[in-house]
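The values are calculated or read from the model by the stated rules, or taken from the named source; none is laboratory data. Please read all numbers here as calculations on a predicted model, not as lab measurements. Here the Cβ positions follow ideal geometry from the backbone for every residue, glycine too, while neighbour counts run over all protein chains shown.
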Amino acid sequence: MRRRVISVLILVSLVLVMIPGCGEKEKTIENTVKKNNYAVNSAYDVDNMLTIKGVTISLTDEAEKYDTHKQNGYAYRIPEILLDLDGIQPYEWDEYGYEVDYFPEETMVKYYKYVDGEYDESEEDAIRDEILAEAMPIYGFFRYDDIADKSAMDEDFSDFKAAFKDIEELASIDTDTFYFGCNREYNREGLTDTDIENLNALIAAFDEIKNSVCLFPPTELIDDFKVDLSAFNCVDLDGNEIDQSIFADYDVTMINCWTTWCTYCIDEMPELAVLNSMLPENYNVITICFDADEQGELAKSLLMQTGASAITTLVANEELNDKVGAYLVGFPTTFFVNKSGKIIGSLEIGAPTGAESISKAYLELINKAYEDVK
């Protein structure tokens, strides 16, 4: 079962915290292998990468031009058209897949009303499902790991193949095989002229996207998650001053990062409320809302509606954006700290799976994090 996560390439305005840039010169391919005439990299290298076409990339140049998925083993250059369109929504599928969808203009009208709380509470679930059902998959990537759980992997890969009519196998690295999928044709029924123009522009960018891809062995995201909250200052949604002392009374604090525009973040809020009610005294859960500086009242309303208002929610200021936001690749993201605000345990992108409920899955992760401080 795939777990969708809203990427940091956000829906309304694509805020890119990813990396690289693409040079123009060709380079002799060293320490690479080829499959289907495409080059792959033997390791992720911040200074020296090759696209599948053998073009040199310096990851220190043009920092906002590439979308990099280190845990998946690929990066690609973001086409300019994506930066100019409303209705673009990227998703992560666990650690294996990635998809970019387009939401038509009429769907976006419903989306903004949903986010602004204009629907009756009894309608919200149906409206949300309706919005998601109207998403149009545009392009995506999939990494098939030959040694992973085959049943789950095959289910996800079937979903990927169902989403995209055109799928190309790019190359293999060890046990991983990489695929690029896209839809070059679509049903125009019900679309506005603007929708059709946008979709045609996106389709015209597919070759640019594919040719810019860099492939490399996947790396663990936690290795690059350099968050340190041993010293910081901010306020919570009620204006109370907060610093690192918020962790001092707990062996483990779970920190959940979200935004008001992230439907998947909001969906898991009731489970966070359940989790908060079942925690023993040495555990705590807080959240950081990364658009609460502009959407503070909406954030309060969403927490109230989902029963999670008892959880302390921090407003992400410039310091928290630098110390935490710079390392996020998607929402929701959850991590764990000790009494001193140092990272322990694992990094969870999206709601956790495997347990009978999200709240119990989070509790299992907190217990595992506690093993680091016992």
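Check whether at least one residue in the stretch 339-347 is under 23 Å from Glu271 (Cα atoms) and polar (S, T, N, Q), and report yes or no. Scanning the stretch 339-347 turns up at least one residue that is under 23 Å from Glu271 (Cα atoms) and polar (S, T, N, Q). In the stretch 297-313, the residues that are outside the structural domain of Ile286 (by TED's automatic domain parsing) and in a helix (DSSP H, G or I) form no Cβ pair under 6 Å with any partner that is at pLDDT 95 or above and buried (at least 16 other Cβ atoms within 10 Å of the Cβ), whether six or more places apart or across chains. Taken together, Ser13, Ser7 contain a single residue that is among the polar types (S, T, N, Q), buried (at least 20 other Cβ atoms within 10 Å of the Cβ) and modelled with pLDDT under 85, which is Ser7.
Within the stretch 334-352, is even one residue in a strand (DSSP E or B), within 20 Å of Gly97 (Cβ to Cβ) and among the aromatic types (Phe, Trp, Tyr)? There is no residue in the stretch 334-352 that is in a strand (DSSP E or B), within 20 Å of Gly97 (Cβ to Cβ) and among the aromatic types (Phe, Trp, Tyr).
Screening the stretch 45-56 for residues that are of a type in the set (Val, Ile, Thr) and modelled with pLDDT of 85 or more and picking the one that is surrounded by the most Cβ atoms within 10 Å (Cβ to Cβ) gives Ile52.
Within the stretch 343-357, one or more residues are in contact with a Leu (Cβ under 6 Å, 6 or more places away or on another chain) and either under 12 Å from Val227 (Cβ atoms) or among the basic types (Lys, Arg) (or both).
Selection of the stretch 261-289 for residues being modelled with pLDDT under 95 and under 17 Å from Val324 (Cβ atoms) yields Cys262, Cys265. Sub-8 Å Cβ pairs linking a first residue in the stretch 357-370 that is over 16 Å from Ile286 (Cβ atoms) to a second residue that is of a type in the set (Val, Ile, Thr) and crowded, with 16+ Cβ neighbours inside 10 Å, at least 6 apart or interchain, are Ser357/Val274; Tyr370/Val252, ordered by first then second residue.
The set of residues in the stretch 130-157 being aliphatic (A, V, I, L, M) and more than 17 Å from Lys210 (Cα to Cα) consists of Ile131, Leu132, Ala133, Ala135, Met136, Ile147, Ala148, Ala152, Met153. Looking across Tyr38, Tyr102, one residue alone is more than 30 Å from Asp322 (Cα to Cα), modelled with pLDDT of 85 or more and surrounded by 19 or more Cβ atoms within 10 Å (Cβ to Cβ). It is Tyr38. With the structure loaded, tell me whether Glu189 is more than 23 Å from Asn72 (Cα to Cα) and out of contact with any helix residue (DSSP H, G or I) (no Cβ under 6 Å at 6 or more places or on another chain) or whether it fails that test. Spelling it out, Glu189 is indeed more than 23 Å from Asn72 (Cα to Cα) and out of contact with any helix residue (DSSP H, G or I) (no Cβ under 6 Å at 6 or more places or on another chain).
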